[in-house]
Every structure is written in C-alpha cells, then in structure tokens.
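Worksheet: the structure to be examined is printed underneath.
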Amino acid sequence: MEKFETFSGIVAAIDRSNIDTDAIIPKQYLKSIKRTGFGVNLFDDWRYLDPGAPGEDNAQRRPSLDFVLNQSPYKHAQVLLARENFACGSSREHAVWALMDFGIKVVIAPSYADIFYNNSFKNGFLPIALSASIVDQLFEEFEQSDDFELDIDLENQCVTNAAGVKMPFEIDEFRKYCLLNGLDDIGLSMQHADQIKNFEQQYYASYPWLGNA
Amino acid sequence: MAGQTLYDKIWAMHQVRQDEAGTGLLYIDRHLVHEVTSPQAFEGLEMAGRSLWRKESILAVPDHNVPTIGLENGITDPVAKLQVDTLDDNCDKYRLTEFKMGDVRQGVVHVIGPEQGATLPGMTVVCGDSHTSTHGAFAALAFGIGTSEVEHVMVTQCLIQKKSKNMRVTIDGAVSEGVTAKDIVLRIIGEIGTAGGTGHTIEFAGEGITNLSMEGRMTLCNMTIEGGARAGLVACDQTTTDYVKGRPFAPREDQWEAALACWEDLHSDDDAVFDREIHIDGASIEPQVTWGTSPEMVTAISNAIPDPATVSDAAKASGMQQALEYMGLEANTPFDQVKIDKVFIGSCTNSRIEDLRAAAKVAEGRKVADSVKLAMVVPGSGLVKQQAEAEGLDEIFTAAGFEWREPGCSMCLAMNEDRLEPGERCASTSNRNFEGRQGQGGRTHLVSPAMASAAAVTGHFIDVRKLT
C-alpha cells in the first residue's frame with residue numbers, strides 16, 4: 001500500500017445525501033476479477049447518458065455534461081465533497097477502487113456508511129468526516145469558485161482552504177498510523193499468529209462442535 | 001456492574017486480543033464466499049505468497065451472476081462466466097467446500113448457510129456481502145466485509161475490529177394478522193432512517209420478534225444493513241435450536257447437549273444497558289411499501305405517496321422531490337393507483353419456503369394482471385425449489401402466470417439477465433430501492449412476498465389483507 005502524503009487537490013462536489021455504492025459503481029462492472037479499471041465507470045449512471053456494459057469503449061458513450069466529473073477542472077478532482085451517509089448499501093470494495101482509479105484520494109462528508117469507511121483504509125484512501133455545518137460552507141465555497149482546491153494534511157489531521165482556514169478532523173490513531181506508513185493489515189495481524197493459535201486451542205476445547213469440518 | 005448484551009457476550013467469546021486503543025482482533029468461525037467479492041482476495045494472497053488459515057471455515061457458492069433460466073446453456077455472458085469459473089478454480093485449488101452450479105444445494109449465499117446449518121448460534125459469520133447481517137437471526141454475530149477483509153480472514157482467521165455500540169429495537173406486543181417480518185423491518189427503517197443504526201449492532205427483541213419463525217427473523221436481520229447497522233441480532237431460543245437441529249453442518253448428536261447448554265446464555269442479560277433503545281407498538285405496524293430511492297422512504301400501504309411540501313426540513317424535502325421524480329410518482333397518490341410493470345419474488349431477503357408459500361397463497365386461483373409484463377419467482381436455493389415443487393407451489397405460480405425460475409440473486413441486483421428496463425416499475429421482495437439497483441432507470445418498490453403477489457394479480461399496489 002502506498003503511503004498517504006499531504007497534497008493539495010481539486011475538489012468536486014455532489015450535493016446529495018445517502019449516495020449509495022450502486023451509484024458509485026453499478027453492478028454490471030462488478031463482474032471484473034481485477035482491482036483496477038473501475039475509474040471510467042465511476043458514477044456511471046450519472047456520468048453517461050447511454051447505458052454501459054463491461055468491456056465497452058467508454059470514449060464512444062455520450063457523457064452527461066451536467067455531471068461534475070465530466071467538467072473541467074473536476075475531471076482531475078482528487079477530493080470529493082458529499083453529504084451525509086456517503087457510500088451506504090453494499091459492501092463492494094469496488095466503490096473505493098473506482099474512486100481511487102479515477103484519481104480521487106479523499107472524500108469529505110459529514111458521515112459514512114460503516115463498511116465503506118472500513119474498506120477505505122485498507123486501500124490507503126481517506127474518508128474525512130467534518131461537521132454538517134462545515135460541509136455546508138465547503139459546498140458554498142465550491143459553488144463560488146471555478147477551481148476550488150483544498151489542502152489535505154493527514155499528519156496534522158487538518159483540511160485547509162486557499163484562505164488558510166484550517167478545519168481539523170478526527171481519525172483513529174491506528175488507522176492514521178497505517179495510512180501514513182502504507183502498512184498492510186494482514187502483515188500486522190500475522191505478527192500475532194502465535195496468539196491466534198493459542199486462542200484456537202482453548203476455543204475448540206470449549207466449543208468442540210465448531211471444530212467440525 | 002451492568003449485565004452484558006448479547007453482542008457483548010459474542011464479542012467476548014471471540015476476542016483474541018485487544019490493543020491499548022481498544023481495537024480488537026476478532027476470531028471468525030464461518031466465512032461465506034461468493035464469486036463477486038472473492039477473486040481479488042484470492043489473487044492478493046497468492047501474490048503475497050500467503051496461505052489459508054482454516055479452510056474448513058469457508059463455504060463457497062456462486063449466486064450473484066448465475067442465470068435463472070436456460071441453465072443447460074451455462075452462463076452465456078463471458079465476463080460473468082469468467083468470474084464464476086474463477087471461484088470454481090480457486091475452490092478446487094485450495095480444496096474448499098463449494099456448492100457449484102448444478103448442485104441442488106447451490107443458491108443465494110445467505111439462504112444456503114442457514115439451510116445447511118453452517119450458521120450456528122454464538123458464531124461469528126462474515127462474507128464479502130453486506131446482507132451477511134441475515135445470519136444474526138441465529139444469535140450469531142454476522143456482518144458484511146470488503147474484499148481486503150475477505151483476504152484478511154482467509155489468511156489470519158481474524159478481523160481487526162472496533163467494537164460497535166449497542167442498540168435495541170423492541171416490538172412491543174404481537175403484530176396483526178397479515179403483517180410479516182418484511183413489514184416489521186421496513187417500518188423500523190422508516191422510523192430510524194437509513195443511517196439510524198450506523199456504528200451500532202442492533203438487537204431485535206419483544207413479542208413481535210420472538211413470535212417470528214427463523215425465516216422471518218432472517219428477513220428482519222437481513223435488512224439491518226439498510227438501517228445502517230452492519231449486524232442485527234435475535235436472541236437464541238427454542239425456535240432457533242429446533243431449526244438448527246439435524247442440519248448437515250450442525251453439531252453431531254454426541255455434541256448436541258453441550259452446544260445447547262452453551263447456547264442457553266445467548267441472550268442479553270436483564271440488566272444489560274443499551275446505548276440506544278427504540279420501542280414500536282406491534283399492533284401499529286401495517287403492510288409497508290417503499291415509494292422512493294432509499295429503504296427509509298417507506299410508508300404503510302393505507303397511506304398515500306408522501307408530499308415533500310409538508311416537510312419542513314428543506315434538504316429532506318428536496319431529497320424527497322428528487323426521489324419522486326426518479327420514481328415517476330406524484331405526491332398524494334393512493335398506492336392502489338400506482339400500476340406496476342414487473343414483479344420479483346426472491347433475494348436473500350425473501351426467497352425461502354415460507355416466503356414462497358405466502359406468495360403462492362395469494363396467487364392461488366388468481367391470474368397475473370394483463371398489464372404486468374413479467375412476474376417471476378426465484379427460489380433462494382435448489383433445496384427451497386425442490387421443497388416448493390414437492391408442495392405444488394410451482395404449479396400454483398405457473399397457473400397464475402408467474403415464471404418459475406432457478407435459484408440465484410437474480411433481479412435483486414440485476415447482475416445477470418434479469419433486470420428492469422428504464423422506467424419500468426417493480427413490486428420487489430428484495431432489499432434495496434436505490435436508483436438503478438434493478439436495472440438502469442428501473443423503479444423499485446420494496447414489499448413483502450404476499451404484497452408482491454397481490455400487486456401481481458391486481459396490477460397495482462394493494463393491501464393484501466383486502467384480498468384474503
């Protein structure tokens with residue numbers, strides 16, 4: 001996993017609450033057995049006027065020019081701004097993969113669905129929760145600017161706008177550590193392999209029926 | 001010290017270790033695997049040269065992509081076929097238990113787990129699928145995980161988890177005749193909202209819940225995720241143990257008494273404290289229908305389509321307006337004036353034998369309305385299908401004009417050929433009415449199996465109690 005570094009990036013905003021994972025990456029694209037290549041179909045139903053299918057050349061499709069990610073400079077957005085309960089619905093990690101494949105590294109929203117939130121950190125992707133009122137302000141700034149940028153600093157847990165206004169955010173220490181150092185969860189858990197083995201021994205002695213093959 | 005909740009107890013049984021910040025390493029008993037969220041996990045562990053910790057914990061089945069018609073031709077979509085073939089290859093390679101296509105035990109992953117006794121009280125159950133919450137019906141801590149976590153469980157048999165908060169939803173008193181588990185859970189989601197349970201594990205309690213069969217409890221827990229909670233729970237009782245006994249993966253006879261003794265403790269202590277408590281009067285619950293593009297956009301069938309103009313919160317009103325536009329609905333329209341194009345009876349929410357019986361009871365002696373283009377019944381597994389056919393339910397359905405299909409996820413998420421065309425309106429027993437969920441531009445109304453069947457035979461939504 002790549003280390004998460006401080007950056008400044010273009011912000012694209014989608015003014016909707018409860019954006020679900022079916023909207024982020026529709027089901028037909030989940031047939032892929034890879035982790036990459038989902039970016040062209042990110043928000044597919046909103047981004048294109050005609051229906052798409054896996055393997056199709058998306059350059060031949062009709063883009064919906066009203067949709068923010070089809071507009072300049074948001075085609076190159078690295079930060080996505082949205083409303084509460086972002087990425088509710090299915091557990092598909094493809095939602096994170098699609099956002100990242102498009103080039104987005106951070107989402108800012110007042111709240112997230114639990115599974116998506118969890119999936120994000122496994123991929124070096126940062127979901128930032130800011131209060132609804134601050135998110136409101138950011139939407140206003142986005143509306144008033146043609147190239148709204150934010151500075152994202154995970155180390156200091158801070159989002160900063162061009163005027164220098166700092167907006168601090170909370171994050172679990174362990175998750176922050178893993179993101180900053182690009183650490184793989186599996187490797188960390190395997191350090192406890194002996195403890196897991198000891199646990200298992202006692203566990204199956206207590207609950208032998210769970211050890212049935 | 002206050003007593004423990006059921007969630008606290010199962011967590012404590014499975015916690016291998018805890019770090020200073022309170023993050024736990026949780027041991028996983030059962031890992032259900034399907035074709036969509038596993039290929040990247042297998043690939044990941046292979047690339048890292050890692051192996052599987054406990055193969056016996058895995059039960060795999062293809063379900064999302066499988067066709068429900070023309071099985072003799074196999075999967076014709078090459079992309080879908082590759083995904084199912086990849087699951088087969090991975091299971092063969094690692095010698096994992098898999099119910100392949102053509103096996104009578106194949107079906108929707110959340111139907112076959114319990115059916116086989118692979119879900120047991122007190123277990124931790126995970127799957128790369130958000131509707132894993134279904135298995136909480138067995139007093140098992142069950143939740144959906146992403147593909148990275150699928151790989152993590154494969155390699156370590158554990159998950160890194162933070163403990164969630166405790167929430168309890170109590171249905172006080174019995175529900176009325178004709179009101180099902182689906183109506184109960186839709187009503188709960190309407191009440192708490194689609195993010196109402198975020199960060200919590202929800203235990204369902206009260207007479208309205210304990211009266212439910214295991215299949216009803218599965219429907220209830222299945223949709224916990226639509227209320228934002230990853231896991232739902234129902235305490236273990238006689239109904240639970242009667243269901244489990246004798247199933248292929250259940251405790252052997254010589255282990256049964258010890259298991260029963262352990263399971264007796266699988267309930268919240270009387271003095272347990274919950275972070276949040278909700279009470280709903282059972283008698284107040286009516287058959288439900290969703291009208292919008294989120295499961296929280298739901299109301300009783302006797303109400304009309306809600307009017308955003310009556311809502312004071314501007315953001316909420318605009319969300320409602322957006323949903324009504326997508327759904328092609330006018331505020332204040334009575335539901336019996338909302339005509340449907342298709343009917344889908346199936347999914348991990350409502351495709352078990354009791355669901356099919358309830359739908360067949362309404363369909364018996366009636367005909368699918370001429371205006372309905374397609375009404376399909378998709379059993380949850382090959383064994384459910386077999387049982388239904390033994391009871392003659394298939395004949396009732398086909399005589400009424402329903403299509404009787406092969407098991408799979410089908411039009412719940414429309415990954416196979418079963419889908420809505422743009423603008424089509426569907427009465428569906430599935431779990432999500434998101435935009436495009438059942439096909440791009442499709443309009444989904446979530447209902448119980450009996451209500452879906454009633455919509456099929458009348459061509460519009462109607463209180464099923466008026467038909468019986």
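The values are calculated or read from the model by the stated rules, or taken from the named source; none is laboratory data. Small disclaimer: the values here were computed from a predicted structure and weren't measured. So basically every Cβ, Gly included, is an ideal-geometry build from the backbone, and we count neighbours across all protein chains shown. Surface areas here come from the heavy atoms of the whole protein model, side chains and all, with no ligands, DNA or RNA. Shrake-Rupley method; radii C 1.70, N 1.55, O 1.52, S 1.80 Å.
The test for being in a loop (DSSP other than H, G, I, E, B) and either open to solvent by 20 Å² or more (accessible area, probe 1.4 Å) or away from chain A (no Cβ under 11 Å) (or both) holds for B:Ala21. Condition check for A:Glu141 on (1) modelled with pLDDT of 95 or more; (2) within 14 Å of chain B (Cβ to nearest Cβ): one failure, at (2). For the stretch B:362-382, taking the residues that are in contact with a helix residue (DSSP H, G or I) (Cβ under 7 Å, 6 or more places away or on another chain) and basic (Lys, Arg), the one that is surrounded by the most Cβ atoms within 10 Å (Cβ to Cβ) is identified as B:Arg366. Tallying residues that are more than 25 Å from B:Val16 (Cα to Cα) and either part of a helix (DSSP H, G or I) or among the hydroxyl-bearing types (Ser, Thr, Tyr) (or both) within the stretch B:114-125 yields 2.
Name the residue that is farthest from the other protein chains (Cβ to nearest Cβ), counting only residues in the stretch B:52-96 that are polar (S, T, N, Q) and surrounded by 19 or more Cβ atoms within 10 Å (Cβ to Cβ).
Taking the stretch B:52-96 and keeping what is polar (S, T, N, Q), we get B:57, B:65, B:68, B:73, B:76, B:83, B:86, B:90.
In the following step, the residues that additionally are surrounded by 19 or more Cβ atoms within 10 Å (Cβ to Cβ) were identified as B:57, B:65, B:68, B:83, B:90.
On the way: B:Ser57: 9, B:Asn65: 7, B:Thr68: 15, B:Gln83: 5, B:Asn90: 10 Å.
In this case the residue turns out to be B:Thr68.
Taking the criterion of being open to solvent by less than 10 Å² (accessible area, probe 1.4 Å) and either facing chain B (nearest Cβ under 7 Å) or under 20 Å from A:Val159 (Cα atoms) (or both), the residues of the stretch A:96-117 that qualify are A:Leu99, A:Ile104, A:Val106, A:Val107, A:Ile108, A:Ala109, A:Ile115. Between A:Glu140, A:Glu93, the distinction of being surrounded by fewer than 20 Cβ atoms within 10 Å (Cβ to Cβ) and among the acidic types (Asp, Glu) belongs to A:Glu140 only.
The condition (being over 14 Å from the mean Cα position of the chain (by Cα) and surrounded by 24 or more Cβ atoms within 10 Å (Cβ to Cβ)) is satisfied by just one residue among B:Gly146, B:Gly122, B:Gly117: B:Gly146.
Every condition in (1) within 21 Å of the chain's Cα centre (by Cα); (2) not charged (D, E, K, R); (3) not in a helix (DSSP H, G or I) is met by B:Ile69 except one, and the failing one is (1).
The condition (being touching a residue at least 12 places away in the same chain (Cβ under 8 Å) and open to solvent by 40 Å² or more (accessible area, probe 1.4 Å)) is satisfied by just one residue among A:Ser120, A:Ser131, A:Ser206: A:Ser131. Of all the criteria given as (1) more than 19 Å from the chain's Cα centre (by Cα); (2) farther than 16 Å from B:Gly206 by Cβ; (3) β-branched (Val, Ile, Thr), the one not satisfied by B:Val244 is (1).
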